[in-house]
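The values are calculated or read from the model by the stated rules, or taken from the named source; none is laboratory data. Everything quoted here is computed from the prediction, not taken from an experiment. All Cβ positions, glycine included, derive from the backbone under ideal geometry; neighbour counts span all protein chains shown.
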């Protein structure tokens, strides 16, 4: 847009124009052409009346009367004025401006600002090439004869392609004044600095809520949103979100939230609480990449009570890590510093795991001579693990370990229906700390161990069958793949002195299974539409294996649970993914998981079902209440549907084990011509005091809604 950055209701001259062959002034591409019924010329001016047209470069002006000064190219147009440029049109009663600069003033104007902002103003004055001053005007995005909403103001500054900044703004809904703002900025682009539309809500537990945010478009590659959540009965929450995308793959997002409770608030005992979330990725010199993430909450109880996103509020985790890595053609190296804490409300304690630091070095398979390949893994880890109360008492488990494992591998694939891979590894380990034999006491006595690991992997014999369509073309292929693995670790002397977070195990086992895959030919390429399989592990030395802590009839079990899976993806809009684990000793399903989806979440039309059951059948003879902490059985469903003027989403989660509804939430967005009404509500039954919350907001054209920076309902 070049002149007034405005587009009017009309894109041509007034109707009923009578064309005349009146005298013209000029006629070249860079000269002024005037067409009118009547024209009068003086020494320095031209007066034209009756369906006047002025043509100059990309400017076309229509009016009843025109006074033109050739020396300065100043124009005074009066009566049914229409100014048409290459990309804008404006209608007015009177206009005074310069054809070259476009600087001027238009009186009693009306039109439309791209893309859909309608306006009317008593005056519009261009004060700079891209800045316009509007006096006594009103704007709306509604095209009805009586607009659904209007913002009227005494003065405004329009910056072309950016925003309309208004003073003394009054928002009117269906001719009823709703609120007054001394200042309001309305964006003319997707990313424009200004206040967003507020959220209004109510919670049975936390009372009334008002949320407002200010969006700052710092640059094309970064922005920030600052928000305030005000609970009259609870306190004030302050939020900040900063997003950035810099050169050379650097980008990320930082979310900060801090809540200050009123002294007499019902939840004041939670204390002031902070939430910090960070994601950062960066490409460093020398080919290194850096990734950092932080998810920190100063109070798990605060997040559970104030975050309405069930997926976040029901998981009590804290994590922070920095990951640095570099890959070459045949090896890579990485360094990680991390801390992860998981809170258990039943015991009011957290399991904390740290690595300060963890350094890994890997040499990929390098061919020594046919058919032998060499690879190596190395790991240095200074770690700590234990309950937070153990950290405070100084009794957490900790050690500094260095392990190196050079490996020789011999692959075999000469037979089409059989592949094999044999490997021999030497495990060398140095532990900076060790256990006093027969105790859990950690002492600063180093320990060096070594052993050999042998592994054999077999896939086959592979069987297949091809199914043909009615035309004799191959359409479907079924592949059956049996698999077998044997792994053996040689004994380690003084293994009872090795410090580990979960216990030390030696492997002497074989795993076996079978997988069936169905490949469908689409566009001359095979696409897997169905796969299912079963597998199990047999322990030759169960007393040294991972199940040695569980006893069946006084002995550690030799067989693991039978695991199975099924994946069905007929097309991009339908999928079924299921898994199971069956305990052969207690004849019960230890794990059942099912995820089924129909439709597309991106399109807003979908139905999704999630069912999960986890049962630790190995644990016997313990308190049922304690056993319930290890088990989980729940079902959840979500759905969404989009209509021409309505969008609906919902979610429900139910605990089958306790026969209790956990969470329900819904979002409804109703588009009423130039207005968007958003309703959100959710009920949280997993809290000690179940509560229901409701939020409401309105969208006005280009002014977006204030986001829920704490979490929201998850939509």
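Some points to look at:
- Scanning region 237-247 finds one or more residues that are assigned to a strand (DSSP E or B) and more than 22 Å from the chain's Cα centre (by Cα).
- Just one residue in the set 315, 294 is in contact with a strand residue (DSSP E or B) (Cβ under 9 Å, 6 or more places away or on another chain), part of a loop (DSSP other than H, G, I, E, B) and under 27 Å from residue 353 (Cβ atoms); that residue is 315.
- Out of 155, 126, sole residue that is free of Cβ contacts under 8 Å to residues at least 40 places away in the same chain, assigned to a strand (DSSP E or B) and either more than 27 Å from residue 710 (Cα to Cα) or not assigned by TED's automatic domain parsing to the domain that holds residue 89 (or both): 155
- Some residue of region 378-385 being loosely packed, with under 15 Cβ neighbours inside 10 Å and not assigned by TED's automatic domain parsing to the domain that holds residue 428: no
- Index of the failed condition, residue 213 passing every other in (1) without any contact (Cβ under 8 Å) to a residue 24 or more places away in the chain; (2) within 21 Å of residue 185 (Cα to Cα); (3) crowded, with 16+ Cβ neighbours inside 10 Å: (1)
- Single residue of region 667-682 satisfying the filter (exposed (fewer than 15 other Cβ atoms within 10 Å of the Cβ) and in contact (Cβ under 8 Å) with a residue 60 or more places away in the chain) that is nearest to residue 712 (Cα to Cα): 672
- Residue under evaluation residue 161, criteria (1) touching a strand residue (DSSP E or B) at 6+ places or on another chain (Cβ under 8 Å); (2) outside any strand (DSSP E or B); (3) within 18 Å of residue 186 (Cβ to Cβ), criterion not met: (1)
- The number of residues in region 617-635 that are surrounded by 14 or more Cβ atoms within 10 Å (Cβ to Cβ) and either under 23 Å from residue 557 (Cα atoms) or at pLDDT below 65 (or both) comes to 4.
- Evaluation of residue 488 against (1) closer than 22 Å to residue 544 by Cβ; (2) more than 43 Å from the chain's Cα centre (by Cα); (3) surrounded by fewer than 14 Cβ atoms within 10 Å (Cβ to Cβ) (one fails), failing number: (3)
- Qualifying positions in region 479-508 - touching a helix residue (DSSP H, G or I) at 6+ places or on another chain (Cβ under 9 Å) and in contact (Cβ under 8 Å) with a residue 24 or more places away in the chain: 489, 491, 495, 505, 506, 507, 508
- Qualifying residue in region 554-564 (condition: closer than 30 Å to residue 606 by Cα and either within 33 Å of the chain's Cα centre (by Cα) or in a strand (DSSP E or B) (or both)): yes
- Test: residue in region 196-206 that is out of contact with any helix residue (DSSP H, G or I) (no Cβ under 9 Å at 6 or more places or on another chain), without any contact (Cβ under 8 Å) to a residue 40 or more places away in the chain and farther than 20 Å from residue 148 by Cβ: no
- For region 526-550, a residue qualifies if it is in a strand (DSSP E or B) and over 18 Å from residue 585 (Cα atoms), and the qualifying residues are 526, 527, 528, 529, 530, 531, 532, 533.
- As for region 436-452, it holds no residue that is under 43 Å from the mean Cα position of the chain (by Cα), surrounded by fewer than 16 Cβ atoms within 10 Å (Cβ to Cβ) and farther than 24 Å from residue 385 by Cβ.
- Cβ pairs under 6 Å, 6+ apart, first in region 459-477 and over 13 Å from residue 515 (Cβ atoms) and assigned by TED's automatic domain parsing to the domain that holds residue 412, second part of a loop (DSSP other than H, G, I, E, B) and at pLDDT below 90: 475/469
- Some residue of region 181-195 being surrounded by fewer than 16 Cβ atoms within 10 Å (Cβ to Cβ), free of Cβ contacts under 8 Å to residues at least 40 places away in the same chain, in a loop (DSSP other than H, G, I, E, B) and out of contact with any strand residue (DSSP E or B) (no Cβ under 7 Å at 6 or more places or on another chain): no
- Qualifying residue in region 464-476 (condition: surrounded by 13 or more Cβ atoms within 10 Å (Cβ to Cβ) and under 27 Å from residue 401 (Cβ atoms)): no
- Tally of residues being buried (at least 17 other Cβ atoms within 10 Å of the Cβ) and over 21 Å from residue 184 (Cβ atoms) across region 99-148: 6
- Residue within region 275-283 that is in contact with a helix residue (DSSP H, G or I) (Cβ under 9 Å, 6 or more places away or on another chain) and in contact (Cβ under 8 Å) with a residue 12 or more places away in the chain present: yes
- Unmet criterion (only one of (1) without any contact (Cβ under 8 Å) to a residue 24 or more places away in the chain; (2) in a strand (DSSP E or B)) for residue 414: (2)
- Comparison of 513, 503, 460 shows that the only residue that is closer than 23 Å to residue 561 by Cβ and surrounded by 15 or more Cβ atoms within 10 Å (Cβ to Cβ) is 513.
- Residue that is over 19 Å from residue 212 (Cα atoms) and without any contact (Cβ under 8 Å) to a residue 12 or more places away in the chain, where the choices are 643, 685: 643
- Among the residues of region 158-179, those that are more than 34 Å from the chain's Cα centre (by Cα) and buried (at least 16 other Cβ atoms within 10 Å of the Cβ) comprise 169, 170, 172.
- The residue list 526, 542, 570, 584 contains one member that is under 42 Å from the mean Cα position of the chain (by Cα) and in the same structural domain as residue 509 (by TED's automatic domain parsing), which is 526.
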